1. With the requirement that a residue be hydrophobic (A, V, I, L, M, F, W, C), within 21 Å of A:Leu23 (Cα to Cα) and not in a strand (DSSP E or B), what does region A:169-214 give you?
2. Consider B:Asp162 carefully, then state whether it is away from chain C (no Cβ under 14 Å), away from ligand 5 (no atom under 16 Å from the Cβ) and of a type outside the set (Val, Ile, Thr).
3. Hey, can you tell me all the residues within region B:5-47 that are closer than 22 Å to A:Thr190 by Cβ and basic (Lys, Arg)?
4. Among the candidates A:Ala209, A:Ala181, single out the residue that is surrounded by 23 or more Cβ atoms within 10 Å (Cβ to Cβ), more than 14 Å from chain B (Cβ to nearest Cβ), under 26 Å from A:Ala364 (Cβ atoms) and away from ligand 4 (no atom under 16 Å from the Cβ).
5. Among residues belonging to region B:59-81 that are within 14 Å of chain C (Cβ to nearest Cβ), of a type in the set (S, T, N, Q) and touching a strand residue (DSSP E or B) at 6+ places or on another chain (Cβ under 7 Å), point out the one that is surrounded by the most Cβ atoms within 10 Å (Cβ to Cβ).
6. Can you say whether A:Ala54 is closer than 30 Å to A:Gly289 by Cα and either surrounded by 24 or more Cβ atoms within 10 Å (Cβ to Cβ) or of a type outside the set (Phe, Trp, Tyr) (or both), as far as the supplied structure shows?
7. Determine whether B:Ser50 is surrounded by fewer than 19 Cβ atoms within 10 Å (Cβ to Cβ), farther than 19 Å from B:Val211 by Cα, within 16 Å of ligand 1 (Cβ to nearest atom) and small (Gly, Ala, Ser).
8. Scan A:Thr114, A:Thr122, A:Thr179 and give me the residue that is in contact with a helix residue (DSSP H, G or I) (Cβ under 6 Å, 6 or more places away or on another chain) and away from ligand 1 (no atom under 16 Å from the Cβ).
Amino acid sequence: MKGAFHVLVIGGGATGAALAHDLTLRGLRVTLVERWEVTAGTTGRHHGLLHSGARYVLTDPDSARECIEENWILRRIAPDAFELNDGLFVALTDEDVTYLDPFLEGCARCGIPTRVLSREHTLRLEPNLNPTLKLAVQVPDGTMDAMRLPLRFLATAQHHGAEIRPFTEVVDIHFQGRTVAGARVRDHRTEREYTIAADVVINATGPWAGQIAQMAGVDVPIRPSPGVLVAVEGRLCNMVINRLHPAGDGDIIVPQRRLSIVGTSSWVVEDPDDLDVPEAHVRMMIDLGALLIPTLREMPVRAAWAAARPLVGPRTAHSGRELSRTFKCFDHADEGVEGLVTIIGGKASTARAMAEVTTDIVCAKLGITAPCRTREVVLLPHTAYYAG
Amino acid sequence: MTEQRTVQFRVFRYKQGRERPWYDTFDVTVTPRTTVLEALQFIRRVHDPSLMLRHSCHHASCGTCGMRINGQERLACITRVHDIAGERVTVEPLANLPIIGDLVVDMKAFYAKFTPMAMPLIRHSEFLPEAEPPEGVDTYTRLENCIECGLCVSVCPVAASDPLYLGPAALAAAWRVVQEPRGQNVPEILAQVDTAHGCWRCHIAMECSAVCPSHVDPGAAIMALRGTLIRQHLPWRRKQQGGDAHEPR
Amino acid sequence: MNRGELVPRRRWPAWFDVRGRHVSGWAFILNRLTGLGLVLYLIIHLWVLRLLTQGEARWNAFIALAKTPPFLVLDTILFFGIIYHALNGIRLTLVGLGIGVSAHKRMFWVLMGIGLVLFVLSTWGLWTMTK
Ligand SMILES: Cc1cc2nc3c(=O)[nH]c(=O)nc-3n(C[C@H](O)[C@H](O)[C@H](O)COP(=O)(O)OP(=O)(O)OC[C@H]3O[C@@H](n4cnc5c(N)ncnc54)[C@H](O)[C@@H]3O)c2cc1C
Ligand code: HEM
Ligand code: SF4
Ligand code: SF4
Ligand code: FES
């Protein structure tokens, strides 16, 4: 691939992984640097929900539409990566039931298939659910392994020639005049610093995007918004269990392997590296989760942790819930800095779409017309990332 | 938080190009909830950003944070500092895999043995057997137990002395395929483990099953593979099946 | 923070790293050590039997020596080795054939219980009968 343009992707999360894949498929030379192990940022720690989009139909229909579209694509390009047991939106109270009609209308508008289930039917599907539930709606949610899906993007990118460099931290942006021409990196394996020259640099550092932007002297409206997740021992459900109400705290239980994971909460921080796990949030997760599945309370806690969402929003936001879950791509040429593009927001479930939009912008800059093929190309198994 | 205390972390360090590995010692203040992973993240953030470790899911699901904590193979993300005896915690990388740097081992050799077993990631779910799946879902599925953490390989005394040994994780994966083929070629998988470096190499130390954080029980899987192969190799079985039962097609 | 304490070079084979081992791991290590010990014993034993070809006097002299306490201590260790290795070997044979895999730890302790009785009896016999 000599002579091809070279793109440097900063950040080895879901977004960076999908980007590396799309960029290589369009014939670009790609280097991806990640300061830790790949997916060690927000990506690996997420809830593991393959979104149907139903969670967002009431508040954020754009995000919902993105989710369902990507949901169908991912099932196709990553076969055998998901527990495809569907999800339920469970109405526990009469108030919850009042959301049923707007919810069904919203799903219909966004193209999310639904099926309304009676109380008895619901309990036959998921016997551990709170028996006082009123009704439930079935949607095409799924469970994923938060690390192994991005690994498949990375494995495929690597197979097509992308160079993935974990434990390589960007310490400065390399300029030629006013144009970004690469990055200065520190390789923690060898303790050496060197410069990677690139035609375009993509900042895909999620909640850390502000730090990279700062190195380049630009600004991105990123609000790192952490949430707490709690995993309890025992698989209490097979489907994803959501509460039928406007998205709130502790209202999703995602089963994974032999665990049940309940989440999440939401607040806003300055430094996404310094996340504590407030004890009160852990208790709140258990209390709220137990409304959906009462036995959750009796199960031993396996782990409680926090991760920071890379939400797009103004500095004034403080809970994070009011911020859109959709993504945004910034071409910093608009601020007079050529050669640097930032992609933030979104979800792990929509990483492919985020990569497509970003790669379109990068290709336009470089005069490349190759169309996006990531909707069709089936990804390699995750094991190929390490096995080579 | 209540009940804070200061614990000494003695951390194994190694960088490519250096002649010998060494230990660095750091003081970390911990609460009863603090995990070893959180303590190491604190060290990386506050004392030394060059500290290399692997982590991702923080809840025993990805398998990246395996390390030896006071000599014992564990997942750092679910090991509470308070549950470790003593005032000093020594953390070292997994054994029996090459070290890339600090606490990070190269998983290439692990996956080179694991991948040929071709274990599909998604399996049939045996939980809540009385539950009926919803319309549109044939059967409930779930992710496989093995999180590919390598703890079993690190603890295995045979892996320590035979670099060609397939190792407990790969053998357990092979047994999963035999149990639930999901379209895989079972005879071929059996042929791969029916070798001197396959399931016959194991010395039944059962350490793998003792350290596995994810209910895989590789030791039992290896014995089950042996049982299957012994039954196939019985002379009357062979005749009945016309040759070696698991000869690759 | 304290830097630069070199990791000592390992002085034992990797399979003998006993830190953080469980019962079954110890059982393996001990089985290997006793197995090697038995091989060593067998060699010595055959070498000693060579005395039989060198006349009655030399043999009787050796037997007298073999009844002295230092030799009886060695015999006691040998008994331990034989009993442990044989009983654990029975367990390994069974488990290796896929029998009682899930009960391997219980089996270990039961056999060790039997072993202890055998060991006490045989040691008692050894020290009293050679008087
Ligand atoms: C609590 C919670 C639950 C969630 N649940 C779900 C869910 O169920 N389903 C879903 O689809 N989405 C979910 N999300 C959203 C999803 O996790 C994120 O949107 C997504 O993982 C973001 O990926 P990313 O690649 O943009 O960021 P990240 O994964 O954070 O990747 C950025 C990477 O950049 C690296 N980096 C930072 N600085 C540097 C530097 N200087 N040099 C080199 N590398 C650097 C970081 O180490 C990091 O690995 C959840 C989010 C949270 C917080
Ligand atoms: C009483 C009868 C015995 C039984 C039931 C027995 C059983 C076994 C078994 C099952 C093993 C395999 C262990 C493993 O897979 O790790 C073994 C190993 C071994 N045995 Fe024995 N054994 C017996 C007597 C002996 C004797 C008399 C000697 C010595 C002369 C001996 C020397 C060894 C050695 C050297 C090993 C290899 C140890 C290793 O590689 O870890 N055994 N034995
Ligand atoms: S049972 Fe076999 S594979 Fe498992 S640790 Fe022991 S020797 Fe290794
Ligand atoms: S078998 Fe268990 S210990 Fe071994 S890699 Fe899999 S999960 Fe880890
Ligand atoms: S971080 Fe995933 S298993 Fe510990």
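The values are calculated or read from the model by the stated rules, or taken from the named source; none is laboratory data. In this text the structure is predicted, and so the values were computed from the model without any measurement. So basically every Cβ, Gly included, is an ideal-geometry build from the backbone, and we count neighbours across all protein chains shown.
1. A:Ala198, A:Ala204, A:Ala209, A:Ile212
2. Judged against the criteria, B:Asp162 is not a match.
3. The answer is B:Arg13, B:Lys15, B:Arg18, B:Arg20, B:Arg44, B:Arg45.
4. Just a single option satisfies the conditions, and that option is A:Ala209.
5. Checked region B:59-81; the qualifying residue surrounded by the most Cβ atoms within 10 Å (Cβ to Cβ) is B:Thr79.
6. In short, yes.
7. Taking the combined requirement at face value, the residue satisfies it.
8. Working: A:Thr122 fails: in contact with a helix residue (DSSP H, G or I) (Cβ under 6 Å, 6 or more places away or on another chain); A:Thr179 fails: in contact with a helix residue (DSSP H, G or I) (Cβ under 6 Å, 6 or more places away or on another chain).
Criteria check complete, one pass: A:Thr114.
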